[in-house]
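The values are calculated or read from the model by the stated rules, or taken from the named source; none is laboratory data. Predicted model only: the values in this text are computed from it and were never measured. We place every Cβ from the backbone using ideal geometry, glycine too, and count neighbours over all the protein chains shown. Accessible surface areas use protein heavy atoms only, side chains included; no ligands, DNA or RNA. Shrake-Rupley method; radii C 1.70, N 1.55, O 1.52, S 1.80 Å.
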Amino acid sequence: MNLRPLPPQGSALARLSYTPTLQSSKEAQKLARPTKGVNVPPCKKNVPFAFQPSALGYDGIFMKKIPVIQPTDQEKYSSAVSLSDMEIFLFPELLYSLVYANLMSPRIWEWKAHPWFEKLDSMKPYKRMQRLKQFIIDHYEFNLDLDTWGLTTKEEELKRFTPFIDEETLSRSNALFGYEGDKHYFSLDIRKHFGLDKYTSNIIPYWKTETVEAMDAFEFKENYRVGAGECVSLSTLYAAALFIICDIPLEDIFLIATPLHSQNFILVNDGVLTNNRRLVTKNMWFNGTDLTGKAQRALRNEEVTIIANNLGHIHTFYPDATLPAEQFDRFKSKLSSFTTTEITFEILANFLRERSEFQPCFQIRYLRHGKEQYLPAERAYAYEHGSPYKVSENATRDKLLDQIDELDFYTEPIEKRIQLNKLADHLKNNPISHIDQDSLKDLAQKIDCCPEMLTKMSVIEALVDFVHLNPHLPKPEQKTIQTPPPINIQPGMTRKEIQIQLTEMREKNPVADLAFYAARDLGATHWTPFLTAALKRNPVIIEATQSIDDSKLIQTLQTFPNKSIYDTTRVAQPDEVWNFQRGDGLEQAIALASCWKVRHPQHAIELDVQPTEVQLQLAENTITFPSTKGLQHQVTL
């Protein structure tokens with residue numbers, strides 16, 4: 001692995017990696033001059049200004065000064081706006097910045113008034129989580145359409161990422177650069193499963209993560225009935241909602257990212273794992289169903305790349321981490337307990353449900369009309385489909401067997417098959433652990449499969465794998481841990497109090513600062529990262545409008561409803577405007593500018609933003625859009 005350190009500030013490499021594309025107006029350049037005691041490079045031609053004047057951020061919260069963005073951090077800050085999976089892998093701080101952005105959003109807080117959450121205070125934590133799960137299932141779909149946010153090229157992204165990481169490391173850990181997982185995924189053809197098989201050349205999808213507003217806005221997109229989002233979007237939505245709706249402390253919500261998936265692990269009861277829209281408890285983890293198998297897939301077959309909570313993160317490939325060691329130990333200990341269980345009859349039956357290739361090693365004894373009968377285990381499991389009864393449940397097993405045709409039973413024990421009932425009696429009196437080798441050997445002696453099948457030891461090995469998972473986690477002992485000052489956000493705080501706390505911590509904790517960029521709040525951030533992302537990483541609107549002429553393009557955007565998917569001074573990116581066919585006048589103007597820059601790269605574009613209208617100067621034409629964002633800014637693109 002060849003990780004490249006960030007280039008030193010002021011070095012030639014830093015200047016090369018810092019590729020500004022925006023020119024401040026004279027007034028903005030004047031305002032951008034550094035104040036006493038602030039180390040800001042002078043604002044030169046074609047260099048984005050270092051900070052803006054005092055601003056009103058979210059809901060009018062006064063901000064004395066927007067923190068300076070160092071030249072070496074420009075890529076990270078513009079990535080906080082575009083939020084592709086590649087960018088989150090590269091800049092792990094972005095993962096939790098979106099959680100904070102969702103915490104500041106009014107959307108999830110509005111859920112608290114929904115009738116579905118009445119009397120939630122009287123419920124225990126997991127019961128609250130179940131209510132939340134059903135709400136999310138009802139209001140959001142899992143969206144795996146990689147074309148939603150358009151295409152880019154490997155070369156373009158590598159050019160951006162070269163100062164930070166090399167292509168070989170990316171190819172071993174990122175699905176868009178060739179990652180295919182371990183041998184388990186080869187049989188699944190995982191790239192085809194995710195739709196990546198059609199991107200075999202240098203063309204790759206952006207695969208962006210959505211804010212809660214963008215998720216909600218899918219209801220305006222053709223062929224969607226409700227909101228939608230991909231796995232990272234759902235995990236960050238869940239993290240914020242677990243805090244807001246269920247009062248789960250942020251310290252107890254860990255985000256887990258692998259090359260192909262994103263989940264949360266919540267330290268409630270024995271532990272709860274999110275999997276897209278669903279929740280998985282420890283009992284469910286070991287129930288052997290297909291649904292649980294999908295929830296286990298990432299942790300069983302991939303290396304965990306990022307672990308994060310509100311106190312910090314740890315990344316597999318970076319030598320530095322911010323997650324405190326005691327927080328990692330809490331997470332690891334609880335997750336290890338969650339993925340480990342004793343071998344009982346119920347667990348053995350669940351194991352056979354998942355690993356059906358071993359069912360021919362077993363039979364089930366059943367007493368019918370006072371006479372013993374014996375049923376091949378695979379027949380019993382076949383009858384589980386469509387039945388509420390399970391082989392693994394003592395209370396319902398006999399009801400399941402009673403439904404099976406008597407012709408499927410044998411009158412004598414089936415040769416060379418172990419009786420599950422006898423094994424159940426043995427395990428009831430002798431529960432064993434996966435680390436108890438003597439007990440495992442004793443169990444192996446009782447599993448007497450015929451020679452032409454898998455050996456009894458292979459059954460035991462598979463059973464041990466079923467009852468204990470040791471996920472591939474980052475190794476904190478190999479990291480240098482430097483934790484920034486914590487952001488004091490506790491259950492019971494109001495949205496306004498959280499906004500104030502994040503605002504106060506922006507210069508002390510970089511994730512707090514990045515949260516305002518993930519929120520796309522142009523009243524509380526520098527405009528350069530937003531506009532960089534807008535002009536360079538919004539291919540959908542470019543592709544969709546390439547066949548219409550300039551006048552038709554302008555007319556089309558001006559006919560969109562003048563409604564933003566974001567509140568207050570938050571602003572949508574061009575592809576959000578196009579995908580959801582709506583936008584405030586400022587958003588329409590920036591969307592038009594992004595198209596115009598591709599069509600007429602030689603033209604300078606003047607953007608003049610006033611509180612109630614926006615003027616876009618395109619060569620000799622001035623296009624005016626009404627706006628309700630209340631922002632003021634002038635810039636040459």
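Values for this structure:
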| read-out | value |
| --- | --- |
| Residue ID - nearest to K124 (Cα to Cα), chosen from residues in the stretch 259-307 that are among the hydroxyl-bearing types (S, T, Y) and open to solvent by less than 20 Å² (accessible area, probe 1.4 Å) | T274 |
| Residues located in the stretch 201-231, provided they are assigned to a helix (DSSP H, G or I), over 19 Å from L151 (Cβ atoms) and either charged (D, E, K, R) or open to solvent by less than 10 Å² (accessible area, probe 1.4 Å) (or both) | V212, E213, M215, D216, A217, F218, E219 |
| Test: K508 is in contact (Cβ under 8 Å) with a residue 24 or more places away in the chain, over 22 Å from L151 (Cβ atoms) and basic (K, R) | yes |
| Residue list for the stretch 419-449, restricted to those being of a type in the set (V, I, T) and touching a Lys or Arg at 6+ places or on another chain (Cβ under 6 Å) | I447 |
| 3 or more residues of a type outside the set (A, V, I, L, M, F, W, C) and surrounded by 16 or more Cβ atoms within 10 Å (Cβ to Cβ): qualifying helices (runs of 4 or more DSSP H) within the stretch 84-130 | 93-104 |
| Unmet criterion (only one of (1) under 30 Å from I343 (Cβ atoms); (2) open to solvent by 10 Å² or more (accessible area, probe 1.4 Å)) for Q482 | (1) |
| Helices (runs of 4 or more DSSP H) within the stretch 526-637 that include 1 or more residues open to solvent by 60 Å² or more (accessible area, probe 1.4 Å) and modelled with pLDDT of 95 or more | 527-536, 539-545, 550-558, 585-599 |
| Flag if N470 is among the polar types (S, T, N, Q), in a helix (DSSP H, G or I) and touching a residue at least 12 places away in the same chain (Cβ under 8 Å) | no |
| Residue within the stretch 375-393 that is open to solvent by 10 Å² or more (accessible area, probe 1.4 Å), of a type in the set (S, T, Y) and assigned to a strand (DSSP E or B) present | no |
| Residues of the stretch 232-258 satisfying the condition of being over 25 Å from P115 (Cβ atoms) and surrounded by 23 or more Cβ atoms within 10 Å (Cβ to Cβ) | V232, S233, S235, T236, I253, F254, L255, I256, A257, T258 |
| Test: residue in the stretch 453-467 that is open to solvent by less than 10 Å² (accessible area, probe 1.4 Å), touching a residue at least 24 places away in the same chain (Cβ under 8 Å) and in contact with a strand residue (DSSP E or B) (Cβ under 6 Å, 6 or more places away or on another chain) | yes |
| Count - residues of the stretch 314-326 that are open to solvent by less than 20 Å² (accessible area, probe 1.4 Å) and touching a helix residue (DSSP H, G or I) at 6+ places or on another chain (Cβ under 9 Å) | 5 |
| Complete set of residues in the stretch 132-189 that are polar (S, T, N, Q), at pLDDT 90 or above and assigned to a loop (DSSP other than H, G, I, E, B) | N143, T148 |
| Residue satisfying all of: in the stretch 334-374; without any contact (Cβ under 8 Å) to a residue 40 or more places away in the chain and farther than 15 Å from L423 by Cα; least open to solvent (accessible area, probe 1.4 Å) among these | Q373 |
| Within the stretch 402-447, tally of residues that are in a loop (DSSP other than H, G, I, E, B), closer than 15 Å to Y374 by Cβ and either in contact with a helix residue (DSSP H, G or I) (Cβ under 7 Å, 6 or more places away or on another chain) or of a type outside the set (D, E, K, R) (or both) | 6 |
| Counted residues, the stretch 210-223 - those being at pLDDT 95 or above and more than 15 Å from the chain's Cα centre (by Cα) | 7 |
| Some residue of the stretch 94-101 being modelled with pLDDT of 95 or more and farther than 23 Å from V304 by Cα | yes |
| Only one of I435, I487 that is closer than 30 Å to I307 by Cα, open to solvent by 80 Å² or more (accessible area, probe 1.4 Å) and either of a type in the set (A, V, I, L, M, F, W, C) or modelled with pLDDT under 80 (or both) | I435 |
| Subset of the stretch 439-464 [over 12 Å from L348 (Cβ atoms), modelled with pLDDT under 80, under 44 Å from the mean Cα position of the chain (by Cα) and not small (G, A, S)] | L440, K441, D442, C449, M453, L454, T455, K456, M457 |
